[in-house]
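Following: one structure in structure tokens, then a few remarks.
Bear in mind that the values in this text are calculations on the coordinates, not laboratory data. Quantities reported herein were computed from a predicted structural model and do not represent experimental measurements. Counting neighbours? That spans all protein chains shown, and the Cβs are built from the backbone with ideal geometry, glycine included.
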Amino acid sequence: MNAITKPNTSEDIPISTPTLNTTINNNQEHKMCTASVCTHTPKPFALHKSSSVDDYLAKNKQWSQSITNETPNLFTDFNSKGQQPHTLFIGCGDSRYNENIFNVKPGEIFGLQTVGNNLNLKDETIMSTLEFTILVLGIEKIAIVGHTDCGAVNSCCDENVYQTLPKNLKNYLKPVYENIQKIKLQHKDDIPPIDKKHLSLENVKQQAEKLLTIDFIKEKFENKTLEILPMIYNVENGLVEHVDL
């Protein structure tokens with residue numbers, strides 16, 4: 001994406017997303033493939049980096065009122081009496097999307113976001129979330145949703161970039177990196193070359209396959225009491241596509 005620059009006014013405060021090269025506090029430079037620098041005004045957004053706590057509270061009040069106007073009894077008759085989500089959303093830790101891409105109300109979907117929507121099955125946070133939502137809350141669907149322009153996937157496409165990632169991030173993304181490198185090797189003679197969206201699709205498939213290695217998920221899936229929905233979200237237009245396993 002090319003840089004977009006607008007003249008600054010009192011209302012137009014530029015916001016910059018991280019560049020390809022991000023310098024960490026210890027002066028060691030790490031690289032992560034993200035979108036190019038984007039300088040824009042905060043007009044499309046509710047808050048920005050200069051917002052105060054009062055701004056956050058005011059926006060929350062607006063949100064609460066809009067939900068109440070649309071569904072007057074949602075908070076009082078439903079959310080106040082506990083949660084009964086029907087779906088677990090597993091997405092990437094990216095600010096551009098979450099379970100709200102499905103136009104749902106609070107209480108419908110339980111959200112879990114990780115870097116690169118990678119599922120480390122040795123991670124107690126991830127495993128306890130899966131156990132809680134499936135075995136305790138009784139959710140019946142898992143929507144595992146990757147996205148285009150994924151910084152994690154993009155970083156794993158390039159060995160030189162991957163090797164410069166901070167230690168914990170690099171270790172966490174190792175399964176994604178290894179899978180992407182394997183797929184790239186399988187498609188090395190493709191014309192045109194395999195693109196990054198396809199690699200994001202393959203990453204979604206890999207995470208869905210991981211879920212089926214968990215005994216209680218596999219059992220419910222085979223008994224048709226749990227459905228796995230692999231998808232990819234397009235940040236370019238806000239639309240979701242189903243991914244075939």
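Quick notes on this structure:
- Considering only residues in region 195-223 that are under 21 Å from residue 109 (Cβ atoms) and of a type in the set (Lys, Arg), the one that is surrounded by the most Cβ atoms within 10 Å (Cβ to Cβ) turns out to be 220.
- The single condition from (1) over 30 Å from residue 135 (Cα atoms); (2) in a helix (DSSP H, G or I) that residue 194 fails is (2).
- Restricting 104, 136, 115 to residues that are touching a residue at least 24 places away in the same chain (Cβ under 8 Å) and either on the phi < 0 side of the Ramachandran plot or of a type in the set (A, V, I, L, M) (or both) narrows the list to 115.
- Of the helices (runs of 4 or more DSSP H) entirely within region 103-179, those holding at least 2 residues that are more than 21 Å from residue 239 (Cβ to Cβ) and either among the aliphatic types (A, V, I, L, M) or within 14 Å of the chain's Cα centre (by Cα) (or both) occupy 124-131.
- Count - residues of region 45-82 that are part of a loop (DSSP other than H, G, I, E, B) and either surrounded by 13 or more Cβ atoms within 10 Å (Cβ to Cβ) or of a type in the set (Ser, Thr, Tyr) (or both): 6
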